[in-house]
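Coordinate-derived values only; no laboratory data. These numbers were taken from a predicted model, which means no experiment stands behind them. With ideal geometry, Cβ positions are generated from the backbone for all residues, glycine too; neighbour counts draw on all protein chains shown.
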Amino acid sequence: MNWLPVRGRSIRQLSTRRRWRNTNSFSSHSLRYSLSQMEQLVELPHVTRLSPNVVRVLGQNPGKFTLQGTNTYLIGQRNPYILVDVGEGRDEYIPALEQALTDHATPILPGEVDVSDIILTHRHHDHVNGLPTVLALLNQRWASRNPDRPFPPPRIHKIPAPETDHHLHPVTSSIAPGHHQPTPEGDAIHDIFDGQKFIVSTAEKSTNPSYVHVIHTPGHTPDSLCLFFPDDRALFTADSVLGHGTAVFEDLADYMASLQKLIDFSKDDPESAEHKYATIYPGHGATIKEGPQHVSTYLRHRLDRENQILKVLQSADPVKDWTTWDIVGTIYKRYPQKLWEPAAHSVDLHLKKLAKEGRVEHLGGEGKEAKWRSSSSEASHLSSL
Ligand SMILES: [Zn+2]
């Protein structure tokens with residue numbers, strides 16, 4: 001499918017805007033994605049059929065922290081579809097989604113809703129804020145096909161995260177009454193969990209139904225999930241693995257454990273030497289072909305950084321207390337200083353993880369001035385290697 005013209009903005013303007021270099025702000029809140037300095041983004045169409053089962057619809061929110069915009073996905077060969085994420089609520093997203101729902105290889109079943117289930121990959125606003133407008137569109141499309149029948153509203157699903165779920169209240173409370181199906185307890189969001197499956201609609205009735213499988217992958221956020229879709233040998237990775245650059249995370253230990261989980265999962269098929277998934281459909285950026293290798297590269301990158309930090313801490317004789325900023329200045333001495341601030345955020349998260357594991361000692365201080373020393377057990381471990 002070709003890109004959809006977007007009101008008021010041409011594709012040329014959008015593509016010019018995408019050719020930024022790395023000017024990431026240094027605050028941990030705004031630092032969501034980090035791109036290598038030279039990387040340029042490929043242009044993605046607004047609506048793209050990726051397989052007979054999957055269509056990608058761009059959230060129409062390109063930017064420094066969203067790459068080409070948030071990817072949303074329709075899964076299924078015909079309605080009712082599963083919709084993965086809903087964008088950040090840009091007006092231009094609604095005609096793009098409508099095009100994807102209408103311009104489909106399989107004719108619409110008029111007596112069925114367009115979307116039965118919306119799966120939110122995590123709480124971030126660029127993935128969830130489109131809920132009210134998307135649900136209004138689905139309601140309106142149903143009413144135009146079935147003026148005399150009440151709207152069977154979709155269910156909204158997410159992995160629960162008790163400490164941060166309140167961030168979603170402003171969005172869920174602005175959904176019009178009757179536009180979504182609440183839980184029996186009256187909650188807007190249906191909790192989902194690792195291992196849960198959703199049936200995917202097929203063009204022909206089959207005795208062997210298709211499913212997407214939920215994999216809980218905390219780290220980017222506590223509620224981050226991936227979806228495994230065997231029919232496409234594909235993994236929807238949301239913000240845990242991106243199409244370009246590297247992802248950021250709230251908890252590094254969780255994040256690295258989740259990457260390892262995805263690598264282990266890829267090999268977890270006793271009947272086949274093949275990886276369970278090959279393709280990655282990320283939350284931002286282009287589709288990735290060699291999925292398991294890509295996830296391994298992400299993890300390798302983190303482990304390399306960790307080893308660099310430990311090496312720096314053990315390099316001083318006599319033992320010196322290092323600040324986070326000293327460590328950054330040593331590891332990044334060949335890079336311009338303007339890159340040191342965003343690097344400091346990542347090094348800080350690595351040090352906190354290593355401290356939790358007892359491999360470094362935190363001697364006090366906060367942020368860039370925090371002081372660290374290699375723990376004695378780690379030092380003797382390394383010297384015995
Ligand atoms: Zn995110």
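A few notes on this one:
- GNM remark for the chain: springs join alpha carbons under 10 Å apart, and the peak mean-square fluctuation among LYS205, LYS371, LYS333 falls on LYS205.
- Across the chain, C-alpha contacts under 8 Å between residues 6 or more apart give a mean separation that, scaled by the residue count, equals a relative contact order of 12 percent.
- Amide H to amide H, with H built 1.01 Å from N, THR323 comes under 5 Å of TRP372, counting only residues 5 or more places away or on other chains.
- Least to most buried among THR164, THR207, THR72 (fewest other Cβ within 10 Å first): THR207, THR164, THR72
- Equivalent-ellipsoid semi-axes for the chain (Cα gyration tensor, √(5λ), whole Å, largest first): 41, 22, 20.
- When shorter helices are ignored and each DSSP H run of at least 4 residues is given -39500 (n - 2.57), the per-residue value for the chain at 222 nm works out to -9000 deg cm²/dmol.
- Counting beta carbons within 10 Å around each of VAL42, VAL47 and listing the fewest first gives the order VAL42, VAL47.
- More than 23 Å apart - percent of Cα-Cα pairs taken over the stretch 200-340: 47
- Put simply, when 59-69, 258-268 are sorted by average Cβ atoms within 10 angstrom per residue, most first, you get 59-69, 258-268.
- From phi via Karplus (6.51, -1.76, 1.60), per-residue ³J(HN,Hα) for the stretch 154-163 in Hz, x at Gly/Pro: x, 9, 10, 10, 7, 5, x, 9, x, 7
- Rg to Rh, two decimals, where the stretch 314-383 supplies the alpha carbon set and Rh follows Kirkwood: 0.97
- For the chain, a crude dipole built from +1 on the beta carbon of Lys and Arg and -1 on the beta carbon of Asp and Glu, taken about the Cα centre, is about 1260 debye to the nearest 20.
- Each Cα pair under 8 Å and six or more residues apart adds its separation to the average, and for the stretch 314-383 the resulting relative contact order is 37 percent.
- Under a Gaussian network description of the chain, with springs only between Cα atoms under 10 Å, the residue in ASP187, ASP239, ASP326 that fluctuates furthest is ASP187.
- Residues with amide H under 5 Å from that of TYR211, placed H, sequence gap 5 or more: VAL200, ASP231
- For the stretch 126-143, 3J(HN,Hα) computed residue by residue from phi via the Karplus equation (6.51, -1.76, 1.60; θ = phi - 60°) reads 6, 10, 10, 5, x, 3, x, 6, 5, 5, 5, 4, 5, 4, 5, 5, 5, 5 Hz, glycine and proline entered as x.
- Summing charges over all other residues whose Cβ lies under 10 Å from the Cβ of ASN79, with Lys and Arg as +1 and Asp and Glu as -1, gives 0.
- Counting every other Cβ atom within 10 Å of each residue's Cβ, LYS276, LYS289 order from fewest to most as LYS289, LYS276.
- The chain: antiparallel DSSP beta bridges as a percent of all, rounded to 5: 70
- GNM result for the chain, Cα springs below 10 Å: residue of THR121, THR48, THR102 fluctuating most strongly: THR102
- Interchain or long-range residues, amide H under 5 Å from HIS46's placed H: TRP3, LEU4
- Per-residue ³J(HN,Hα) for the stretch 214-226, Karplus 6.51 cos²θ - 1.76 cosθ + 1.60, θ = phi - 60°, Hz, x for Gly and Pro: 7, 10, 6, 10, x, x, 4, 9, x, 9, 5, 10, 10
- For the chain, excluding the exposed loop sites themselves (GluC sites (Glu not before Pro), DSSP loop, at most 10 other Cβ atoms within 10 Å), the longest remaining stretch covers 1-162.
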